[in-house]
Amino acid sequence: MRLTLTGPNGRSYVLGDPIEVYDEETLIGRVLSVTTSANGSEVRIKNFWTVDFGDFRAKALPKLVLAEVVTFIADRSVAISAIGIELNRALEEYKGNEARLATARSETLQSIGARDIRITPKPNGTDVAHFSVSGIWHYDSVSVAALAQALGKERAAYRDRKAASSPASRKGRFGNLFRRGI
């Protein structure tokens with residue numbers, strides 16, 4: 001399973017453009033803000049968006065999109081030595097559990113090898129408990145190894161969830177129920 005990452009509307013990617021993440025023809029994620037430093041050695045990514053496929057979003061998609069995007073930038077842009085990442089999108093399903101979401105985001109950044117992780121209160125309109133989580137992924141052997149491990153894990157989780165939700169797997173489960181006389 002390999003996802004395709006492009007510039008806006010499926011165009012070839014140019015550093016600084018938003019990034020779109022596709023699974024075949026389906027847009028599954030997007031990074032709306034990609035900015036480079038003046039000397040071109042650092043990139044800052046924020047404003048992540050993923051489609052809502054029910055459980056996919058909460059359990060696999062955001063981590064996969066993050067790992068794919070960091071890998072994409074690191075692989076394609078040899079001059080980049082650091083990628084700043086900010087995760088701050090409010091999610092309605094975490095209303096009242098914003099601290100738990102911030103902790104999960106911090107753990108996700110740690111899993112890809114990011115350092116200097118900060119959880120910062122960032123009141124958002126009526127949501128006074130909102131947090132921004134940021135970190136810096138450095139292009140070094142430790143971070144590259146962590147990213148590769150996290151990417152493999154997230155790809156496998158996505159592949160497994162996708163297979164479990166396919167019509168063929170549902171047919172198999174129903175077939176088992178019918179054979180048992182339920």
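In segment 50-67, of all residues being in contact with a strand residue (DSSP E or B) (Cβ under 6 Å, 6 or more places away or on another chain) and within 17 Å of R105 (Cα to Cα), the one that is modelled with the highest pLDDT corresponds to V65. Only a single item in (1) over 25 Å from E42 (Cα atoms); (2) modelled with pLDDT of 95 or more is not met by D116, and it is number (1). Hey, can you tell me all the residues within segment 92-112 that are modelled with pLDDT of 95 or more and crowded, with 17+ Cβ neighbours inside 10 Å? Correct list: L109, S111, I112. A single member of S143, S134 is assigned to a strand (DSSP E or B) and at pLDDT 85 or above, and it is S134. Within segment 1-26, which residues are of a type in the set (V, I, T), outside any loop (DSSP other than H, G, I, E, B) and under 15 Å from I73 (Cα atoms)? Matches in segment 1-26: T4, T6, I19, V21.
Residues are listed down the side, and each one gets a yes or a no for (1) at pLDDT 95 or above; (2) part of a loop (DSSP other than H, G, I, E, B); (3) crowded, with 17+ Cβ neighbours inside 10 Å:
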| position | (1), (2), (3) |
| --- | --- |
| I28 | no, no, yes |
| G40 | no, yes, no |
| R44 | yes, no, no |
| F48 | no, no, yes |
| V69 | yes, no, yes |
| A79 | no, yes, no |
| I83 | yes, no, yes |
| A90 | no, yes, no |
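The values are calculated or read from the model by the stated rules, or taken from the named source; none is laboratory data. Quantities reported herein were computed from a predicted structural model and do not represent experimental measurements. Glycine gets a Cβ as well: all are built from the backbone with ideal geometry, and neighbour counts include every protein chain shown.
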